[in-house]
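Below is one structure, written out as structure tokens; the observations come after it.
Read-outs: derived from the displayed coordinates by stated rules, not from any lab. Treat the numbers as computed from the prediction; the structure is a model and nothing was measured. Reconstructed Cβ throughout: ideal geometry from the backbone, glycine too, with neighbour counts over all protein chains shown.
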Ligand code: UDP
């Protein structure tokens with residue numbers, strides 16, 4: 001692999017690391033002063049960032065940005081700076097829980113429908129006994145409740161905050177509160193709490209391995225089809241952008 005550490009996908013710089021490298025980076029961030037943000041873009045998020053400057057700036061400010069979607073990995077190949085592998089947000093979260101549990105660290109879960117974060121917390125505590133789940137809050141709150149939620153997170157003393165509000169809501173929430181939050185790491189994790197709570201299932205390993213998790217989700221959750229229409233837009237934009245850059 002060439003020495004370039006990040007590959008720019010339509011303006012979003014994505015770290016060129018695999019799962020092992022991402023976890024090593026998380027360890028470093030845990031021991032770094034201030035809040036570090038982890039974002040996990042897929043092609044749909046990149047397309048929405050192209051149309052939404054605020055979201056683009058937020059993704060660009062991430063301290064660790066890994067490719068949640070296989071589309072982003074393919075795009076990196078088109079640019080000639082291949083990403084080593086897909087680092088799915090859910091898998092990174094589980095890898096982090098394992099590592100944090102081994103180190104006796106603490107987490108807070110914010111997001112999901114009422115009851116989901118608690119259920120996920122129970123399952124996480126059982127599966128990773130060393131881990132301290134310091135608190136939870138559901139994700140259907142009003143703007144006026146935010147100061148109280150931030151206070152609840154801060155007074156819990158949790159080191160890592162997982163935010164599951166869907167995208168781009170979770171990234172915007174992390175960004176707008178990053179100066180007030182006293183956690184070391186905040187990460188946007190989409191629908192991960194639903195899976196950890198046992199309310200939703202991921203695609204079987206076979207589909208994930210061959211890069212077709214998106215196809216499995218399309219067939220099993222057809223209401224996502226409209227959102228997935230951004231995939232062809234993404235491919236066309238990447239091809240045009242790589243040609244334009246090649247000509248410079
Ligand atoms: N969610 C939430 N508050 C909201 C909107 C969504 O807590 O105002 C939660 C929702 O319950 C679900 C997650 O955010 O658990 C979004 O899941 P999805 O799979 O749609 O995530 P995405 O694919 O957008 O990252």
With -39,500 (n - 2.57) per DSSP H segment of 4 or more residues and division by the full residue count of the chain, the 222 nm estimate, nearest 500 deg cm²/dmol, is -14500 deg cm²/dmol
Taking the stretch 40-178, the whole-percent share of alpha-carbon pairs separated by over 24 angstrom is 38
Taking the stretch 191-248, the whole-percent share of alpha-carbon pairs separated by over 19 angstrom is 50
Once normalised by the length of the stretch 1-59, the mean sequence separation of its alpha carbon contacts under 8 Å that are 6 or more apart gives a contact order in percent of 32
Taking max minus min of the Cα coordinates of the stretch 113-191 on each principal axis, largest first, gives extents in Å of 32, 23, 18
per DSSP, antiparallel bridges as share of beta bridges in the chain, % nearest 5, sits at 15
Mean projected area (nm²) from the convex hull of Cα positions in the stretch 20-111 is 6.8
Most packed first (mean Cβ within 10 Å per residue), the peptides 104-115, 213-224 order as 104-115, 213-224
Relative contact order of the chain (C-alpha contacts under 8 Å, at least 6 apart) in percent is 22
Of all DSSP beta bridges with both partners in the stretch 109-201, the antiparallel percent, nearest 5, is 0
Hydrodynamic calc, the stretch 109-248: Kirkwood Rh from Cα pairs, then Stokes-Einstein at 20 °C with viscosity 1.002 mPa s, so D in µm² s⁻¹ is 123
Correct semi-axes for the chain, from √(5λ) of the alpha-carbon gyration tensor and rounded to whole Å with the largest first, are 29, 20, 18
Given 54-60, 199-205, the highest-first ranking by average Cβ count within 10 Å works out to 54-60, 199-205
